[in-house]
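Here the structure comes first, spelled out in structure tokens, and everything after it is commentary.
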Amino acid sequence: MARKKEYNEDVVVEKAMNVFWRNGYEATSMQMLEKEMGINKFSIYSSFGNKHGLFLKSLQCYKNKVSIIFEKFKNASNGVDDIKQFFYDSVDLEIKNTTQKGCLVTNTYNEFCNSEDALIKSQMDDFMSNLKAIIIEKLQTDTSKSQDTILKQANYLLLAKHGLAAAARVNTDQEIKDYIEMTFSNL
């Protein structure tokens, strides 16, 4: 007869997410996860299969956390101003959680960019494609722009968002604000 779990899976996944967010996937050991999650390796393997399975669950947990700002961004109707607000909102999320640095998705995207891990790459590609599609939709509200200009600006803003996530790891609040303001002054 299987033993009943003595922990809340959502709670331990969030704890694991924080460890991965702070350290990255490769630098996170099973011992670090056990300590942070408060459960043993057997329970981790039993519930998640392995570290990779736990990491995938952690990415989903993060996506659920940021879904609020994504929904706000997606449902807003002020074009470029919405994109700028999304930049500010995403930094606010990252700054409020001061034990983490930057965006977990961007950090993961950077860590796995040369990886053969199809599952992680697929999740990162889906996340970035979704973000780019929303940015394009917001840019298209300016009917004076050609599709070529919109695509170039979308690529620019996606790269700027990556840069913002990296900057949030080390720069001051004023430097971040200046970065965002200058990014949008160039549109």
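Please treat every number below as a calculation from the coordinates, not as lab data. Everything quoted here is computed from the prediction, not taken from an experiment. A quick note on method: Cβ atoms are made from the backbone with ideal geometry, for glycine too, and the neighbour counts reach across all protein chains shown.
Roughly how many Å is it from the Cα centre of segment 123-161 to that of segment 10-85, as a whole number?
Rounded to whole Å, the Cα centres lie 25 Å apart.
When the helices in the chain are scored as -39500 (n - 2.57) per DSSP H run of 4 or longer and the sum is shared across all residues, what 222 nm value do you end up with, to the nearest 500 deg cm²/dmol?
Result for the chain, helices only: -24000 deg cm²/dmol.
Would you calculate the volume per residue, in Å³, of the smallest convex hull containing every Cα atom of segment 19-116?
115
Once amide H atoms are built 1.01 Å from N in the peptide plane, which residues 5 or more positions from TYR25, or in another chain, come under 5 Å H to H?
Here nothing satisfies the definition.
Given R₀ = 41 Å, FRET efficiency for SER122-SER146 by Cβ-Cβ distance, to 0.05?
0.85
Going toward the positive end of the dipole of the chain, with +1 on Lys and Arg Cβ and -1 on Asp and Glu Cβ, which of MET32, TYR88, SER58 do you reach last?
MET32
Go ahead and set up a Gaussian network model of the chain, Cα springs under 10 Å, then flag whichever of CYS103, CYS61, CYS113 fluctuates most.
Answer for the Gaussian network model of the chain: CYS113.
With a point put 7 Å past each Cα toward its Cβ, work out how far HIS52 is from SER77 in nm, to one decimal.
4.6
Measuring from the lowest to the highest alpha carbon on each principal axis, how far does the chain reach, largest first, in angstroms?
Largest to smallest, the principal-axis extents are 66, 32, 31 Å.
With angles folded into 0 to 90 degrees, how steeply does helix 80-96 sit against the dominant principal axis of the chain? Use alpha carbons for both and round to 10.
Once rounded, one gets 30 degrees.
What FRET efficiency comes out for the pair GLU137/GLU26, r = Cβ-Cβ distance, R0 = 41 Å, nearest 0.05?
0.70
Give me the distance in nm between label points sitting 7 Å out from Cα along the Cα-to-Cβ direction at CYS113 and ASP173, one decimal.
Spacing of the two 7 Å Cα→Cβ label points: 3.0 nm.
I need to check one value: relative contact order of the chain, counting alpha carbon pairs closer than 8 Å and at least 6 residues apart, in percent.
Relative CO of the chain lands at 22 percent.
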